[in-house]
1. Within 13 Å of chain B (Cβ to nearest Cβ), within 19 Å of the chain's Cα centre (by Cα), surrounded by fewer than 20 Cβ atoms within 10 Å (Cβ to Cβ) and in contact (Cβ under 8 Å) with a residue 60 or more places away in the chain: does that describe A:D176?
2. Keeping to the range A:1-45, report how many residues are outside any loop (DSSP other than H, G, I, E, B) and small (G, A, S).
3. May I ask you to say which residue of A:D103, A:D159 is away from every other protein chain (no Cβ under 14 Å) and open to solvent by 50 Å² or more (accessible area, probe 1.4 Å)?
4. Among the residues of the range A:175-202, which ones are in contact with a strand residue (DSSP E or B) (Cβ under 7 Å, 6 or more places away or on another chain) and over 17 Å from A:E153 (Cβ atoms)?
5. Any residue at all in the range B:218-229 that's crowded, with 18+ Cβ neighbours inside 10 Å, without any contact (Cβ under 8 Å) to a residue 60 or more places away in the chain and either away from every other protein chain (no Cβ under 14 Å) or more than 30 Å from B:Y107 (Cβ to Cβ) (or both)?
6. Hey, does the range B:12-34 have a residue that's in a loop (DSSP other than H, G, I, E, B) and touching a residue at least 40 places away in the same chain (Cβ under 8 Å)?
7. Taking the range A:67-94 as the region of interest, how many residues are within 11 Å of chain B (Cβ to nearest Cβ), part of a helix (DSSP H, G or I) and in contact with a Phe, Trp or Tyr (Cβ under 9 Å, 6 or more places away or on another chain)?
Amino acid sequence: MTEGGMINVDKVSKRYKVRSGWSTVFRDVDFRIAKGEKIGILGRNGAGKSTLIRLLGGVEQPSSGRITRTMSVSWPLAFSGAFQQSLTGADNLRFICRVYGADISETVDKVEDFAELGKYMREPVRTYSAGMRARLGFGISLAVEFDCFLIDEIVAVGDSRFQQRCYDELFVKRKDRAMIMVSHNDRYIREHCDRAAVLAGGRFAVFDDMDEAYGYYQAHDRE
Amino acid sequence: MSGDVDGAPKSRLLRSWAIQRRVIGALLMREVITRYGRHNIGFLWLFLEPMIFTLGVTAIWTATKSVHGSDLPIAAFAVTGYSSVLIWRNMPSRLVDSIAPNLSLMYHRNVKIVDIFAARLLLEAVGVATSFMVLTLFFAAIGWLNLPEDPLKVIEGWLMLAWWGMSLAMFLGALSHRSELVDKFWHPTAYLLFPLSGSAFLVDAMPPEFQKWILYLPMVHGVECVRDGFFGSHFTPHYDLGYMALINLTFTFLALTEIRHASQNLVPA
C-alpha cells in the first residue's frame, strides 16, 4: 500500500508570532519527493531548516499551504529529545515499540546489539553520556521501518567503527528509502542526495545540479 | 512493522482507532513507570494516594461528628464526598501544564495531545475509582457503612462526575498551553470550590435560597446522585443529571475546541 507513496509540499509558509508582530521563516516552499528519492536542503543556521523538518514530520502545522503524505515519515533521525530521562534505555525503546506497533523483544535485541550499551540499557537515560544517548537515539531510529527518513544534520556519533555501521544501516541497507536531509554542510548532501535545495532569506529554491545549488547557496550566504 | 501501516486493511476509522488505542496504551505504561517507578510498592500508589486522603477525611469527620446531627452514616457520607472531590480536582491538576513537558513526544506523529490527556485521565479515573471501591468494601466489612442501596445509581453519578472532571480537565489543560495564568488560578479555585462542591454537605440541609445557587455547580448534582445510590432512604436528594449532562457537554465542546487550537500551535524544541 506504500508503493508509489510520496510527500507533496504545496506552497507551504511558516510564520511565528514574535513580540514585534509576525516573523516569516519561509514562504512558498514547494517540492515533492517520491519513494527512494533523496533530497538535500542546504541552509545556514537560523535559515529555517529544523522548522521545515518539523513541518515535514507533522509535528507542526504550516501557516499556509499543504503537506500531503502518502508514505510513512520518520521522526528526525537519532533525535533523542523525546527520551524520558528517568526511564531506562530499554523502557524508552519499549515505549517507541508500543507507539509504532513493533515487536518488542525482537526490537530490543536488535537495538541492544546495535547501540552496544551493554548493561546501561537497563539504567536511566539520565546517567548516559552524550555519546551513549546518541547511540541509543540512532539505534531506536532504525528500530522502526519508515518509507522516508528525515535527517536533521548528520552528526558523527561514536567511534569510526560505529560511524561505519550507522552508514551501512542507513545508506546501504536502506538505500531504497526516501530521505530528506538538511545541513549547512554541502559534503554529505553531495555524497548522498540526487537533488539539492537551498533555504535562504525565507525563499526555497530547488536545483537538479549540485554545483548550481552550491553556487546559489554561496551567493545567498548572508541572507 | 512499518511506520503507520497495520496488518489487515480495515476501514480507515478502525485503523486509526487501533493506532489510538496502541498509543494511549504506550503512554499509560510510560506514565505509570515514570510516576511510580519500579521500586517499593510502585504503582499501588495509584490507589493508595487517594485512599489515604479519603481515609484521613473520613477519620476527621467521624471524630468531630460535626457534619450533621442526623442519623446519616458518616463513613458513607465522607467516602462518597471525598471520592467525588478527588475526581474533579485531580483530573485538571494532572492536565494543567502537561503539554509543554511532553512536546517532544509530538515528534512521533501518532501521538496527539488528546492521547497524552487520555492516558493521564484514564490513570486518574482508575486510581480514584479503585480507591472508592476498596474503601467502600473495607468500611462495609468493618460495619461502618452499608453497601449501596442502588449500585447502578452510584455508578451513574460517578460516571457523570468523571465526565465532568475529564471535560473540565481537558479544557483547562489545553487552555494552560495558551496562558500560564490557568495554573495560577486553578489551584485557588479548586480550593475554594471544595466547600461548595456538595461533598461536605447535603443540599437538603441547606437553606432554600442557597440551594438554588449551589445547584448551578455541576458536581453538586453528581455527588447527590452518588449519595442517593448509597443511602437514598436516609435523605432527600436534589439533583438533575440532565442539567449536569448539558454542562458536561458544553465543557467537552470547549475542551475539544481548545485542544484543536493548542494542536495547531505546537512548537517543540
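1. On the way: within 13 Å of chain B (Cβ to nearest Cβ): yes; within 19 Å of the chain's Cα centre (by Cα): yes; surrounded by fewer than 20 Cβ atoms within 10 Å (Cβ to Cβ): yes; in contact (Cβ under 8 Å) with a residue 60 or more places away in the chain: yes.
Here the answer is yes, as A:D176 does meet what is asked.
2. Step one: filter the range A:1-45 for residues outside any loop (DSSP other than H, G, I, E, B), giving A:6-18, A:21-34, A:38-42.
Filter again for small (G, A, S), leaving A:13, A:21, A:23, A:34, A:40.
So the answer is 5.
3. On the way: A:D103 fails: away from every other protein chain (no Cβ under 14 Å).
Of the residues listed, the single one that is away from every other protein chain (no Cβ under 14 Å) and open to solvent by 50 Å² or more (accessible area, probe 1.4 Å) is A:D159.
4. A:R177, A:A178, A:D194, A:R195, A:G202, listed by residue number.
5. If we filter the range B:218-229 for residues that are crowded, with 18+ Cβ neighbours inside 10 Å, which is where we start, we get B:218-229.
Still in the running and without any contact (Cβ under 8 Å) to a residue 60 or more places away in the chain: B:218, B:220.
Right, trim to either away from every other protein chain (no Cβ under 14 Å) or more than 30 Å from B:Y107 (Cβ to Cβ) (or both) and you get B:218, B:220.
So far as the range B:218-229 goes, yes, one or more of its residues are crowded, with 18+ Cβ neighbours inside 10 Å, without any contact (Cβ under 8 Å) to a residue 60 or more places away in the chain and either away from every other protein chain (no Cβ under 14 Å) or more than 30 Å from B:Y107 (Cβ to Cβ) (or both).
6. Quick first cut of the range B:12-34, residues in a loop (DSSP other than H, G, I, E, B) only: none.
The answer is no; no qualifying residue exists.
7. Going through the range A:67-94 one residue at a time, the tally reaches 1.
Condition check ((1) within 30 Å of B:W144 (Cβ to Cβ); (2) in contact with a Leu (Cβ under 9 Å, 6 or more places away or on another chain); (3) at pLDDT below 90; (4) among the charged types (D, E, K, R)) across all residues:
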residue	(1), (2), (3), (4)
B:R22	no, no, no, yes
B:L27	no, yes, no, no
B:R35	no, yes, yes, yes
B:W45	yes, no, yes, no
B:L48	yes, no, yes, no
B:T54	yes, yes, yes, no
B:I60	yes, no, yes, no
B:G69	yes, no, yes, no
B:L72	yes, yes, yes, no
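The values are calculated or read from the model by the stated rules, or taken from the named source; none is laboratory data. Being a predicted model, the structure only gives us computed values, none of them experimental. With ideal geometry, Cβ positions are generated from the backbone for all residues, glycine too; neighbour counts draw on all protein chains shown. What goes into the accessible areas is simple: the full protein's heavy atoms, side chains included, and nothing from ligands, DNA or RNA. Shrake-Rupley method; radii C 1.70, N 1.55, O 1.52, S 1.80 Å.
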